[in-house]
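The values are calculated or read from the model by the stated rules, or taken from the named source; none is laboratory data. Quantities reported herein were computed from a predicted structural model and do not represent experimental measurements. Because the Cβ atoms are built from the backbone with ideal geometry, glycine has one as well, and the counts that use them run over all protein chains shown. Note: areas computed on protein heavy atoms with side chains; ligands, DNA, RNA excluded. Shrake-Rupley method; radii C 1.70, N 1.55, O 1.52, S 1.80 Å.
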Amino acid sequence: MPAACESLLDDIEDIVSATDPKPHDRQNARQNIVPRARKRNKNKIQEEEPPADSTIPGTQKIWIRTWGCSHNNSDGEYMAGQLAAYGYSITEQPEQADLWLLNSCTVKSPAEDHFRNSIKKAQEANKKVVLSGCVPQAQPRQEYMKGLSIIGVQQIDRVVEVVEETIKGHSVRLLGQKKDNGKRLGGARLDLPKIRKNPLIEIISINTGCLNACTYCKTKHARGELASYPVEELVDRAAQSFQEGVCEIWLTSEDTGAYGRDIGTDLPTLLWKLVEVIPEGAMLRLGMTNPPYILEHLEEMAKILNHPRVYAFLHIPVQSASDSVLMDMKREYCIADFKRVVDFLKERVPGITIATDIICGFPGETDEDFKETLKLVEEYKFPSLFINQFYPRPGTPAAKMEQVPAHVKKQRTKELSQLFHSYSPYDHKIGEEQHVLVTEESFDSQYYVSHNRFYEQVLVPKDPAFVGKMVEVKIFEAGKHFMKGQPVQDSYIYTPSITKPLAKGEVSGLTEESKPPNNPESLLQTSREGLQTFFFVTALLAAVIAFVGIKLL
């Protein structure tokens, strides 16, 4: 007979019924527990401590690693917040953690390779493991995931339960879709606790899934069809984040342009509602949108992108400038559509930054097809260009197509990269004075990173007084991906946040009463008191049942 730690459950419902209390219920129940006074035993110096190998849930350290897009990062922040609210310690040191929560990305093969290698490292280090994100959601039966706990992309609100059972030695999988009266929902609630990686930036997923069926995309297998959050819920989430000191919001999804088509609204309607709650000086960044849906709202989108509290920035992936390749990709637009969007926005939103993506070596791409892509980049000189060598993803139609030889894909990727690096998008801005919002530290820790009106990266001196502030700077140097700015003397430093930001690692959305205990002993004491209440109520019910039974006799 297998040991308890080797048992595999198909779903957490196998051990947790619908009537069992959820973590949120338990948290509320704690507030209603009144500790009973204990008589001190003078002969007993201290109470027994739990054994060193105790597996009491809520006392462990957890390391969370996230790969991929902003949507995935938002999911990771929500899972960290719920675990911390329950009492777990979130650590940035993997070697100190008792459990690794690995939040994956399925867009490219290298990302999945990193995910697989991290699983192997965790197992070699004898760590408990919980998997999440698009890879296990799309391919839960992969051999390297065998026997490991999985939480689905729409089930992140139950991460505490999955972690609890994993710590106890069970392997559980929770991969279902959230529905309301048969209609697919956007996912977990937006008002859940979260720990922002950057306390100044709130990432809000406005919808999950998309309406496309691109032949190369594996993410659709995980995120599914379009499911949008209601406008009022998104506005409430934004308003809450500003009450917690956030000064920049990122809207994200697999396709922001398709927002609302499933619930009878649209993206401009949402954006006009959001700008009403954005404080002066704070900014909103719009996420990726595919050309077919933005075409329907060009006039309104141009007005919104000119709004002083919205970055004049839009990420519109083209993937290829060849109509035949776009047709094989099932992208549902032609290159003329893409150009129409870009030309319209560049005319109506002066200075706008258009970012785009290109895939090199898609199956069937000829030399002539690739030359069309080179001509497009040469014409528009995109300041932000994401160049991807094609990787066939298992289970996608493109994986079954005739592949372009590896050396050809590599050569085309190199040629496009050389073209991209042949022009300097920011040299003409040297000498300009710009207002920039400072939100983070550079990778080399030498500067603070800020963004101007067009979401162009500007490095500023590392002065703590600038963090979270709108600062006026003069550009004195330009590189390929950034500019450097020096604060203008005697200029006014504006604070957009309406309140002090949360500390790094602090949980968003918690009141003082619902915050977790500061130490395991307090958590253990609360658990003991809860058990005492449970046993007392159980005994009382048993007595009532016995009494009623006697009366009936």
Taking first residues from the range 358-385 that are free of Cβ contacts under 8 Å to residues at least 40 places away in the same chain and farther than 19 Å from D328 by Cβ and second residues anywhere that are open to solvent by 80 Å² or more (accessible area, probe 1.4 Å) and in a helix (DSSP H, G or I), the pairs with Cβ under 9 Å that are 6 or more apart or on different chains are Y380/K346
TODO: Tell me, yes or no, whether the range 134-142 has at least one residue that is among the small types (G, A, S), out of contact with any strand residue (DSSP E or B) (no Cβ under 9 Å at 6 or more places or on another chain) and closer than 28 Å to Y229 by Cα.
DONE: yes
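Conditions tested, residue by residue: (1) crowded, with 18+ Cβ neighbours inside 10 Å; (2) in contact with a strand residue (DSSP E or B) (Cβ under 6 Å, 6 or more places away or on another chain); (3) within 21 Å of T208 (Cα to Cα).
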{"position": "Q243", "(1), (2), (3)": "no, no, no"}
{"position": "C247", "(1), (2), (3)": "yes, no, no"}
{"position": "Y259", "(1), (2), (3)": "yes, yes, yes"}
{"position": "G264", "(1), (2), (3)": "no, no, yes"}
{"position": "L271", "(1), (2), (3)": "yes, no, yes"}
{"position": "E296", "(1), (2), (3)": "no, no, yes"}
{"position": "L305", "(1), (2), (3)": "yes, no, no"}
{"position": "P308", "(1), (2), (3)": "no, no, no"}
Hey, any hits in the range 320-327 for a residue that's in contact (Cβ under 8 Å) with a residue 24 or more places away in the chain, over 30 Å from T396 (Cβ atoms) and open to solvent by 10 Å² or more (accessible area, probe 1.4 Å)?
no
Residue hits (the range 328-349; part of a loop (DSSP other than H, G, I, E, B), touching a residue at least 12 places away in the same chain (Cβ under 8 Å) and open to solvent by 40 Å² or more (accessible area, probe 1.4 Å)) are K330, E332
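Okay, residues lined up against (1) closer than 19 Å to S417 by Cβ; (2) in a loop (DSSP other than H, G, I, E, B); (3) within 27 Å of the chain's Cα centre (by Cα):
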residue	(1), (2), (3)
G351	no, yes, no
K371	yes, no, no
F382	yes, yes, yes
L385	yes, no, yes
G395	no, yes, yes
inquiry  = G176 - would you say it is surrounded by 23 or more Cβ atoms within 10 Å (Cβ to Cβ) and part of a loop (DSSP other than H, G, I, E, B)?
reply    = no
Out of (1) buried (at least 22 other Cβ atoms within 10 Å of the Cβ); (2) among the β-branched types (V, I, T); (3) closer than 23 Å to S205 by Cβ, the one I316 does not meet is (1)
Counting only residues in the range 194-228 that are at pLDDT below 95, in a loop (DSSP other than H, G, I, E, B) and in contact with a strand residue (DSSP E or B) (Cβ under 8 Å, 6 or more places away or on another chain), the one least open to solvent (accessible area, probe 1.4 Å) is identified as G209
inquiry  = Condition check: assigned to a helix (DSSP H, G or I), modelled with pLDDT of 95 or more, among the aliphatic types (A, V, I, L, M) and more than 29 Å from I201 (Cβ to Cβ). Does V377 satisfy that?
reply    = yes
